Amino acid sequence: MNPHSVIQSVTDRIIERSRATRERYLDRTRSAYGQRAQRSILGCTNLAHAVAAESPDGKTRLTTTERPNLAIVSAYNDMLSAHQPLGRYPDWIKQAAFGAGGSAQFAGGVPAMCDGITQGQAGMELSLFSRDVIAMSTAIALSHQMYDAAVCLGVCDKIVPGLLIGALTFGHLPVVFVPAGPMPSGISNDEKAKVRQRYAKGEVDRAALLESELRAYHAPGTCTFYGTANSNQMLMEIMGLHLPGASFVPPGTALREALTREAARHALGLAASGEHFTPIAEVISERTLVNGIVGLLATGGSTNHTMHLVAVAQAAGVQINWDDFAEISTVVPLLARVYPNGAADVNQFHAAGGMACLIRGLRRAGLLHEDVVTIMGHGLDAYERVPVLRERHLVWEDGPRASSDASVLREPEAPFNPDGGLKLLRGNLGRAVIKSSAVASEHQVVEAPARVFDSQKALLDAFQRGELEQDFVAVVRFQGPRANGMPELHKLTPALSVLQGMGYHVALVTDGRMSGASGKIPAAIHVTPEAQAGGPLARVRDGDLIRVDARAGVLEVLGGPTWQDREPAPFDPREASWGVGRELFSVARAHAVGAEQGASFFQWG
């Protein structure tokens, strides 16, 4: 089936816009194709260093340079629940690779920080830049030229995009992404949110809040709401970098182990020495990236990916922007209701039919490009199948023909909304994105006076003093990449939710982020240009009438142009320049581009 005309039109525009940069990327990358074993170019001293710690059998395999060698790049640490299961993977991968006639070495680790831990703390100001650090760490891991393919082990917010950006700089290598899977369902997300709101109002104490949070986040595995971490997994599958059906299989299960071992075998089979050479540069194309945007919109995925996908695309020589997201959103229906877009979690989404059902429906509606390369070959047929164990053997069988729970996952013929879960806002305040799928229809338009704050803490202090019990638009500025690294401001959600629950019309406008868990408060986020880069937010003052309109896609100050003649408010960089390692990121803040350009400090040629 040919893609929908709008999908094709946007894709054609991206291809034309990217022609020069994509050609340069592919020319550089393809010049490294076809080498039988990467390590064959190393001198004897180089190779001796690389195999010194190997077993005798391992040394034999690696020094003959005839068999493929697999790089393991991992974000393992045992503090983060999502990454703790990865600790066992390297041994499984090495065993599977050796059994398949190849070898595998742990090439390197990358940092993995958790936004859930750093929310509202100074460390959150390192979070977004950690993506680019992870990309560089991935490049360092692969720089020894010992490897013929790679497996990347990672799950959460900045980790998967960072791994992918780093892997794309080694575009001549085949790469398979390997997830960990979600933790078992805990208390409902609605119950968790209610306790947070009661704590914000002072109705329960810290002990009650901690008990609630421990019941929500309670086991190894990914957090079960549909934030950036689980949006990452959806993207890796719909873009063809996961084994089919791998995204949401729980950790600690026989199926999870079998999929991990198979990922190693499969990656070896994609190496240049085999019959199915599939470098990652051929997988991540303009069409693949459009498929990722479609999946993100159809599931109401994380707003963070309006930056991450842009940065990933740039690493592959492709230029995408928010206009592309907005136009695709007009024809992609919302097919999933997973918290914060609904009451369900990702385990319920998986049980209702999950990725196989989603991909089947989107293909049937002509909303996905079929002319794509994946780690499974050409096209998306394999991704309508699901992995199962039959007599301890991993096989793939036909996935569900339709959703088993229409309250969680629907068919394109009967969507939750006729358009996607993310919207682009434009106006005299700049450009921003909003997660409209999480906002009730009666809150989609807010027109109210501004209350301006230069920090998250200042807003919360005003809330505690009882100064915000009114209709207002909270403008929280100097939160962009160049100001303080663009932290998530999710700590504002309980307070603003309390005010909305009291009947006030409230909205948030910020050049910061609101996280993949953007909730029921209308939030115009990632405002570009940011205040620190001369953006209009620096000229807004208390009392200015602001309109946030998710239906019409409008973000503006009302009442004439005179406000634009004001002197911009000054920014004091001292608060964001030191403590918790922030001293080390001054170069990143100085060179970061805007949110719509990917918020990266890399300079792509």
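What follows draws every value from the coordinates through simple rules; no lab data is involved. Model, not experiment: these values are computed from the prediction. For neighbour counting, all protein chains shown are included, and Cβ atoms are generated from backbone atoms with ideal geometry for every residue, glycine included.
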Give me the log10 of I(q) over I(0) for the chain at q = 0.09, 0.10, 0.11, 0.13 Å⁻¹, as the Debye formula computes it from C-alpha points; what are the numbers? -0.68, -0.84, -1.01, -1.41
Among Asp91, Asp419, Asp565, which comes first, then next, by fewest other beta-carbon atoms within 10 Å? Asp565, Asp91, Asp419
What area, in nm² and to one decimal, does the C-alpha convex hull of the range 423-596 cast on average over all directions? 9.6
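State to the nearest 20 debye the size of the charge dipole of the chain about its Cα centre, where the only charges are +1 on K and R beta carbons and -1 on D and E beta carbons. Show your work: numbers first, answer last.
Details: 56 positive and 61 negative charges, 146 e Å.
In total the dipole reaches around 700 debye.
Going by how many other Cβ atoms sit within 10 Å of their own, how do His490, His505 line up, fewest first?
Numbers: His490 23, His505 18.
Ordered from fewest to most neighbouring Cβ atoms within 10 Å, His490, His505 come out as His505, His490.
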Rounded, prolate or oblate: pick one for the range 421-486, where a ≥ b ≥ c are the square roots of the eigenvalues of its C-alpha gyration tensor, a/c under 1.5 means rounded, and failing that, prolate if a/b is larger than b/c, else oblate. oblate
Taking the DSSP beta bridges in the chain as the whole, what percent of them are antiparallel, to the nearest 5? 45
Using θ = phi - 60° and the Karplus form 6.51 cos²θ - 1.76 cosθ + 1.60, what ³J(HN,Hα) does each residue of the range 530-536 get, whole Hz, x for Gly and Pro? 6, 4, 5, 9, x, x, x
Lys pairs in the chain with Cα under 21 Å (8 or more apart in sequence, or on separate chains) total 20
Computed label-point distance, nm, for sites Ser31 and Thr63 using a 7 Å Cα→Cβ extension: 3.3
Distance in nm between label sites at Arg401 and Ala351, each 7 Å beyond Cα in the beta-carbon direction? 2.3
Return a whole-number percent for the relative contact order of the range 239-337, with Cα pairs under 8 Å and 6 or more residues apart as the contact set. 26
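Taking the number of other C-beta atoms within 10 Å as the exposure measure, put His369, His526 in order starting with the fewest.
Details: His369 22, His526 30.
With the fewest neighbours first, His369, His526 line up as His369, His526.
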Please compute the modelled spin-label separation between Thr562 and Tyr217, points set 7 Å along Cα→Cβ, answer in nm with one decimal. 4.8
